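To keep things clear, I will list the structure first and then write my remarks on it.
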Amino acid sequence: MSTTASAGAESSAPADNPHGHAHGPLSKLVIGAIGVVYGDIGTSPIYAFRETFAGHHTLAPDRLHIFGVLSLIFWSMMIIVSLKYLTVIMRADNKGEGGSLALLALINRSIGKEKRWTAWIVLLGVFATALFYGDSMITPAISVLSAVEGLTTVNANLQPFVVPIAVGILVGLFSIQSRGTAKVGSMFGPVMFVYFLTLATLGVWHVLDYPSVLLAMLNPFNAVNFFLQEPLRAFFAMGSVVLAVTGAEALYADMGHFGRKPIRVSWVTFVMPALLLNYLGQGAMLLAQPAAQAIETVRNPFFYLAPEMLRLPLVLLATAATVIASQAVITGAFSVTQQAIQLGFIPRLRILHTSERAAGQIYIPLVNWALLVMVLLLVITFQSSSNLAAAYGIAVTGAMLIDSVLIAVVLLMMWKWNRWLSIGLLALFFTIDLLYFSANMLKVPDGGWFPLLVGVVAFTLLTTWASGRKLMIDRMSEASLPMEIFIKSAAPSAARVQGTAVFMTSSASGVPHALLHNLKHNKVLHERVILLTVKIEDVPYVPAEKRSEAKDYGSGFYRVILRYGFMEEVAVPDALAQLKECGPQCKTMDTSFFLARQTLLPSAKRPGMALWRERLFAWMLRNSVSAMEFFKLPTNRVVELGSQLEI
């Protein structure tokens, strides 16, 4: 994608090779996409069809219901995955990157002048991100648990071991995150390729026994007939049918890693046919069986697709697939958290890079262990994937609904597509999303409250940090002194010492508090004083030639602004070494970095946030990673100066 294109043009430009992420032959990228992007939606056949018939709202496995459900699954995939995400939303890339935050940044950059629109759009985008954290806790739990439950189809006596085995697998998975996933990730594609091939093979085998299910799935009248005959049951069924398309939003979020074309090609030519054939096989198997046997089989139809001698290998393959799906979700949580930190919604956290070659491979200890604790609590509390299915779906359908709102803004205000075409598409998307979201809201008493609670807590934390940070910067700016006045009054009389002093400041104007405190207490100024501000732009990557901007005040004072994208790692010493506008090269051993560490004093007297939110923000600030670690500053060259501030 061209970085010089206009907002509207860049949104529809190809994203097949964004900033070097998606490179290599198409076949290699397609295999990679199959291994990473489709893990979540790929493991849905293990539990989605089962939950529709044997979940909290049971359906008889007869012709009316099976034909109706198969039709709902097919048309949901076509409308939500193929049309909404792959055809429309994936055109709205932010310099090659996708996901709610990337889309939010794109919209904010394009229509940021429309203040009356921007505020609520930002809140919606942030809430979609908050819901993602709820989804990232439930997905590993339900995926791994549903696969391990397949052991009971091999031997019913293994039931007591299901939860301990699932817990062991999950603990092992989260424990290896700090070592990086490059080696394991290279196996994802081939394993998932075999898995999807197995799905298709098992499906075809049973479809041959009852071939009429093929036309039943393609015929939308079967879904309509289901609603006409049993509207309430059909509405309840939608709460489980949506499990077949969970993971659709991952296609958009992972676009930056593989590009638009490989994701589309892998879906149309391989993944979607394999999934549909498997759902068809499950339906055909039930229809071909006597009613009594079908009622027993529907409790775990996915594993009963395989003959008894192949059932254990299928369980092992499905477990491997669910581990891969969980890995993709965990990696996604790391990536989303990094974006949120860079965009100012989350405090600085410790981020470790697990690969010298791939900048995107990161590990965030706090996120990793917090996810593990919540996933284990879910597994131990709910005990079965069927119980967890009651908690699954609300976060996904809520995020999908918000994506529809965001894409409405893009279609109508950015791209300015034909109004009638846009309204028609949006009406279709909103109708489907609202139906699925409403059906999933019925799950709230049975466990659906969990992702909503996680979403509300995460949303509160994200918005509190963003608001508090803005308040803190505003309070500091109120008392700042213009740089020109400071230089005229202080520079001539202060003693100058050798070396360079870099004062980190969040504001690109005025005198940093740390500089005033240093002069007040130490009575000296360095020969060269650099006031450094790091700005995170609304684009994933900033070109090297636009990285820095410098201003010379004279008398050895300079102001430097470093610009980074929200997907980039910030390394201040490396950037300073490249500066040419501030005199001689900045050498680490001749440079001192001065940081201001504020102690916040929550006060009900000053207008701002509610007192409890001010206290929450102060707690988050105290526990955030220091600027020294976040900006990769050398530990032996940093001086921290404390101050108190009321917000």
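The values are calculated or read from the model by the stated rules, or taken from the named source; none is laboratory data. Values in this document were obtained by computation on a predicted structure and should not be read as measured data. FYI the Cβ positions are ideal-geometry reconstructions off the backbone, even for glycines, and counts take in every protein chain you see.
Each row is one residue, and each column tells you yes or no for (1) within 17 Å of VAL625 (Cα to Cα); (2) outside any helix (DSSP H, G or I); (3) among the charged types (D, E, K, R).
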site	(1), (2), (3)
LEU286	no, no, no
VAL315	no, no, no
THR322	no, no, no
GLN327	no, no, no
GLN338	yes, no, no
ARG348	yes, yes, yes
VAL379	no, no, no
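Exactly one condition in (1) modelled with pLDDT under 90; (2) out of contact with any Pro (no Cβ under 6 Å at 6 or more places or on another chain); (3) on the phi < 0 side of the Ramachandran plot is false for GLY256; which is it?
Single failed check for GLY256: (2).
Any residue at all in the range 462-479 that is modelled with pLDDT under 80, touching a helix residue (DSSP H, G or I) at 6+ places or on another chain (Cβ under 9 Å) and within 30 Å of VAL122 (Cβ to Cβ)?
There is at least one residue in the range 462-479 that is modelled with pLDDT under 80, touching a helix residue (DSSP H, G or I) at 6+ places or on another chain (Cβ under 9 Å) and within 30 Å of VAL122 (Cβ to Cβ).
Please state which one of VAL502, VAL524 is within 24 Å of ASP590 (Cβ to Cβ) and modelled with pLDDT of 85 or more.
VAL502
Quick test for you: out of TRP415, TRP369, TRP420, pick the one residue that is in the same structural domain as TYR47 (by TED's automatic domain parsing) and within 21 Å of SER335 (Cα to Cα).
Within the list TRP415, TRP369, TRP420, the selection yields TRP369.
Condition first: crowded, with 16+ Cβ neighbours inside 10 Å, of a type outside the set (Phe, Trp, Tyr) and under 36 Å from the mean Cα position of the chain (by Cα). Now tell me which residues in the range 215-229 satisfy that.
Of everything in the range 215-229, those that are crowded, with 16+ Cβ neighbours inside 10 Å, of a type outside the set (Phe, Trp, Tyr) and under 36 Å from the mean Cα position of the chain (by Cα) turn out to be ALA216, MET217, ASN219, ASN222, ALA223.
From LEU83, LEU101, grab the single residue that is buried (at least 17 other Cβ atoms within 10 Å of the Cβ) and of a type outside the set (Asp, Glu).
LEU101
Let's see how each residue does on (1) among the polar types (S, T, N, Q); (2) assigned to a helix (DSSP H, G or I):
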residue	(1), (2)
TYR210	no, no
ASN222	yes, yes
ALA234	no, yes
ILE263	no, yes
VAL271	no, yes
ALA274	no, yes
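Across the range 406-437, what is the total count of residues that are surrounded by 14 or more Cβ atoms within 10 Å (Cβ to Cβ) and small (Gly, Ala, Ser)?
2
Working only within the range 583-602, note down all residues that are loosely packed, with under 13 Cβ neighbours inside 10 Å and at pLDDT below 80.
THR599, LEU601
Consider the range 65-81. How many of its residues are under 12 Å from PHE49 (Cα atoms) and free of Cβ contacts under 8 Å to residues at least 40 places away in the same chain?
Count: 0.
So which residues in the range 441-495 are of a type in the set (D, E, K, R) and in contact with a strand residue (DSSP E or B) (Cβ under 9 Å, 6 or more places away or on another chain), if there are any at all?
Quick first cut of the range 441-495, residues of a type in the set (D, E, K, R) only: 443, 446, 469-470, 474-475, 478, 484, 488.
Of everything in the range 441-495, those that are of a type in the set (D, E, K, R) and in contact with a strand residue (DSSP E or B) (Cβ under 9 Å, 6 or more places away or on another chain) turn out to be ARG475, GLU484.
Look through HIS65, HIS57 and report the one residue that is more than 30 Å from the chain's Cα centre (by Cα), surrounded by fewer than 24 Cβ atoms within 10 Å (Cβ to Cβ) and not in a helix (DSSP H, G or I).
On the way: HIS65 fails: not in a helix (DSSP H, G or I).
Among HIS65, HIS57, only HIS57 is more than 30 Å from the chain's Cα centre (by Cα), surrounded by fewer than 24 Cβ atoms within 10 Å (Cβ to Cβ) and not in a helix (DSSP H, G or I).
Go through the range 522-558 residue by residue and tally those that are part of a strand (DSSP E or B), of a type in the set (Val, Ile, Thr) and surrounded by 14 or more Cβ atoms within 10 Å (Cβ to Cβ).
The total comes to 5.
Write out, first by first residue and then by second, each pair whose Cβ atoms fall under 7 Å of each other, whose residues are 6+ apart or on separate chains, and whose first residue, in the range 569-591, is within 19 Å of MET628 (Cα to Cα) and of a type in the set (S, T, N, Q) while the second is crowded, with 20+ Cβ neighbours inside 10 Å and modelled with pLDDT of 85 or more.
Listed by first residue and then by second, the contacts come to THR591/THR500; THR591/VAL502.
Is there a residue in the range 347-357 that is hydroxyl-bearing (Ser, Thr, Tyr), at negative phi and in contact with a Pro (Cβ under 8 Å, 6 or more places away or on another chain)?
Looking for residues that are hydroxyl-bearing (Ser, Thr, Tyr), at negative phi and in contact with a Pro (Cβ under 8 Å, 6 or more places away or on another chain), one finds none in the range 347-357, hence no.
Yes/no per residue for (1) in contact with a Gly (Cβ under 6 Å, 6 or more places away or on another chain); (2) touching a residue at least 24 places away in the same chain (Cβ under 8 Å); (3) part of a helix (DSSP H, G or I); (4) more than 24 Å from ALA48 (Cα to Cα):
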| position | (1), (2), (3), (4) |
| --- | --- |
| ILE341 | no, no, yes, yes |
| VAL367 | no, yes, yes, yes |
| LEU371 | no, yes, yes, no |
| ASN387 | no, yes, yes, no |
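With respect to MET472, determine if the residue is more than 30 Å from TYR133 (Cβ to Cβ), surrounded by 19 or more Cβ atoms within 10 Å (Cβ to Cβ), touching a residue at least 12 places away in the same chain (Cβ under 8 Å) and out of contact with any Lys or Arg (no Cβ under 7 Å at 6 or more places or on another chain).
Criteria not met by MET472.
Go through (1) in contact with a Lys or Arg (Cβ under 9 Å, 6 or more places away or on another chain); (2) buried (at least 18 other Cβ atoms within 10 Å of the Cβ); (3) among the small types (Gly, Ala, Ser); (4) assigned to a helix (DSSP H, G or I) for SER467 and report which single condition fails.
For SER467, the exception is condition (2).
Give the range 403-450 a look and list any residue that's out of contact with any Leu (no Cβ under 6 Å at 6 or more places or on another chain), among the polar types (S, T, N, Q) and not in a loop (DSSP other than H, G, I, E, B), or say none.
Once the filter is applied, which keeps residues that are out of contact with any Leu (no Cβ under 6 Å at 6 or more places or on another chain), among the polar types (S, T, N, Q) and not in a loop (DSSP other than H, G, I, E, B), the range 403-450 yields SER404, THR431, SER438, ASN440.
Looking at (1) in contact (Cβ under 8 Å) with a residue 40 or more places away in the chain; (2) more than 20 Å from THR599 (Cβ to Cβ); (3) in a helix (DSSP H, G or I), which is the one condition that is false for LEU519?
So LEU519 meets the others, but not (1).
I'm trying to understand the selection: among the residues of the range 490-507, which are over 17 Å from GLY583 (Cα atoms) and over 43 Å from the mean Cα position of the chain (by Cα)?
ALA490, ALA491, PRO492, SER493, ALA494, ALA495
Residue check, LYS580 against (1) at pLDDT below 80; (2) among the charged types (D, E, K, R); (3) assigned to a loop (DSSP other than H, G, I, E, B), all met but one. Which one?
With (1) at pLDDT below 80; (2) among the charged types (D, E, K, R); (3) assigned to a loop (DSSP other than H, G, I, E, B) applied to LYS580, the lone miss is (1).
Out of curiosity, is LEU199 among the aliphatic types (A, V, I, L, M), modelled with pLDDT of 90 or more, within 34 Å of the chain's Cα centre (by Cα) and in the same structural domain as ASN440 (by TED's automatic domain parsing)?
Taking the combined requirement at face value, the residue satisfies it.
If I filter the range 231-253 for residues that are free of Cβ contacts under 8 Å to residues at least 40 places away in the same chain and either over 30 Å from ALA105 (Cα atoms) or hydrophobic (A, V, I, L, M, F, W, C) (or both), do I get at least one hit?
Scanning the range 231-253, I find at least one residue that is free of Cβ contacts under 8 Å to residues at least 40 places away in the same chain and either over 30 Å from ALA105 (Cα atoms) or hydrophobic (A, V, I, L, M, F, W, C) (or both), so the answer is yes.
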